Amino acid sequence: MAQDIVFAILQGIAEIFPISPAAHTAVFESAIPRPKPTLLFPMAVRGGVLVGIIAYFWRDIWTMVIGVARVLRGNRDPEARLAGQILLAAIPTVAFGLLVSDYINIDLLSPEIIGWAMTVGAILLFLFDHMSMTVKRVEHTTFLDAIIIGIAQVLILIPGTGRMILAITMARILGYERVSAARLSILIGIPVLLAFCIRDALELGLQTIKVTSADMLGSLIGMVSALIAVAILMAFLRRYSFKLFAIYRLFVGGIILAMAYGWVEI
């Protein structure tokens, strides 16, 4: 149970911070062996993370829903436009994740790939965060920006990259302020997480699933962890840059590479 709690906390945080859930799962499972979780557990944690994000951004989501309703009545609305852009940016990730991921070579899951993806991602985040202009906010999002960010996120299929760092890095390249880059990236993650939760539910629906206390606890912890992580990230970026996250990625990437090449054992 303790291992499941740690795993749920890591997943909740890593889904929000640009630090890659896959990389932390690799380190965690190498350092702390745990019994095989139930089939429902990963989906329960992911669903909890989704609820945590929605809880933080409920005002944004509600205004977009109202905006869509206004458009359906024949009125123009900037919030409905933003909703359309978020869905557009999510399409490539969802499409490739659902249709292509099952055909990806298992070698991509190797520690070497994860470690190098963490390291390269850290370098790119650091460079573009400091080199890019800071002139755009979420309300300045265009459909072209949404398409570019969506295409960039396809690289999530390489374990160790992480959707958040891909979206944030591309948003910074496009000139978005740090808080806006993170906010836009997290909002795009809502339809992405929802799509994968639906996929998991449909797959598990073909089997007899018993919900355990570990599943429920994992969902709750994922929700709370994600909610706290979003609040911390937004507050942090109002004063600081992504430098700390880049350094952290380099550190974890270095550990994974050291383990992969046999330099250290955990």
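Side notes on the structure shown:
- Pairs are defined by a Cβ separation below 6 Å, a sequence spacing of at least 6 or placement on different chains, a first member in the range 133-147 that is touching a residue at least 40 places away in the same chain (Cβ under 8 Å), and a second member that is surrounded by fewer than 18 Cβ atoms within 10 Å (Cβ to Cβ) and assigned to a loop (DSSP other than H, G, I, E, B); the pairs so defined are Met133/Gly175; Val135/Gly175; Lys136/Gly175.
- Residue within the range 180-188 that is more than 26 Å from Asp4 (Cβ to Cβ) and polar (S, T, N, Q) present: yes
FYI, it's all coordinate maths here, none of it is from the lab. It should be emphasised that the depicted structure is a prediction, and the values quoted were computed from it without experimental measurement. Positions of Cβ are generated from backbone atoms using ideal geometry, with glycine treated the same way; all protein chains shown enter the neighbour counts.
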